[in-house]
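Take a look at the structure below.
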Amino acid sequence: MMIVEPTPILGLLVLQPNIFSDPRGWFLESFNARAFAEAVGDTVEFVQDNESCSSAHVVRGLHFQLDPHTQGKLVRVVRGAVLDVCVDIRKGSKTFGEHYSVRLDGVDKKMLWIPAGFAHGFHALEEGTVFNYKCTAYYEKSADRTLLWNDPALGIDWGIADPVLSDRDKKGVLLADLLPSLIAG
């Protein structure tokens, strides 16, 4: 059983697992297929797990894959903290182009369910932040795209003006420039 917190964007959910603590430490189920299906209202098959470690002030994203390789992601922070950001890029969505952000950290252990059709990224708030992703589709380089993290049209407050970025993320494209590939995808 977990607590499900809906967000203003349909399908995007914050999940709080039960944490059992005692003088020895703590225990939690990071994933249980039955509990997860109940929480999100659907059976989801995960095919790939990824993990990253980031220095403080790193921004990763906003990444996504085009159809038919779109990925749903269940994300959580193992150690450290992030500002996690999702942008709705689902065709026909009433919240297309809107974003949602939430702090995830290794202390309260909240997770975020990001259905397929979102661009995703995060700002590492602490040194050595370890971030875990469960993905519903395999990585497909030919379908891989990056939305520009600081696209003015998105209005995202990342809490940092000059982050550490990969070359890939520096070259992300504006949402307006992605529209043809999203429609054709």
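Nothing in this text is a laboratory measurement; each read-out follows from the coordinates by a stated rule. Predicted model only: the values in this text are computed from it and were never measured. FYI the Cβ positions are ideal-geometry reconstructions off the backbone, even for glycines, and counts take in every protein chain you see.
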(request) Excluding Glu51 itself, calculate the net charge of residues whose Cβ lies under 13 Å from the Cβ of Glu51, where each Lys or Arg counts +1 and each Asp or Glu counts -1. (result) +4
(request) Could you count how many Lys pairs in the chain have their Cα atoms under 24 Å apart, skipping same-chain pairs fewer than 8 positions apart? (result) 15
(request) Please order Thr70, Thr95 by the number of other Cβ within 10 Å, starting at the fewest. (result) Thr95, Thr70
(request) Multiply the residue gap between Arg79 and Asp108 by 0.36 nm, knock off their C-alpha separation, and tell me the result in nm, one decimal place. (result) 9.4 nm
(request) For every helix of n ≥ 4 consecutive DSSP H residues, a contribution of -39,500 (n - 2.57) applies; sum these over the chain, divide by its total residues, and give [θ] at 222 nm rounded to the nearest 500 deg cm²/dmol. (result) -3000 deg cm²/dmol
(request) For Cys53 paired with Lys141, estimate the spin-label separation in nm (one decimal), with each label point 7 Å from Cα along the Cα-to-Cβ line. (result) 2.5
(request) Bin width 10 Å, alpha-carbon pairs only: give the P(r) of the chain as whole percents, running from 0 to the bin holding the largest distance. (result) 9, 37, 38, 13, 2, 0
(message) Angle check, please: helix 175-184 long axis (alpha carbons) against the longest principal axis of the chain (alpha carbons), in degrees 0 to 90, nearest 10.
(response) 90
(message) Can you compute 3J(HN,Hα) from phi for each residue in the range 27-36, using the Karplus curve 6.51 cos²θ - 1.76 cosθ + 1.60 with θ = phi - 60°, rounded to whole Hz and x for Gly and Pro?
(response) 9, 8, 8, 6, 7, 9, 4, 5, 5, 5
(request) Calculate the spin-label point distance for Lys94 paired with Val44, positioning each point 7 Å from the Cα along the beta-carbon direction, and give it in nanometres. (result) 2.1
(request) Measure of size requested: the Rg and Dmax of the range 91-185, with Cα atoms as the atom set and Å as the unit; please supply both. (result) 14.4, 42
(request) Mind putting together the pair-distance distribution for the range 13-80? All Cα pairs, 5 Å bins, whole percent per bin, short to long. (result) 3, 10, 18, 21, 19, 16, 8, 3, 1, 0
(request) Could you tell me the distance between the Cα centroids of the range 3-37 and the range 100-136, to the nearest Å? (result) 13
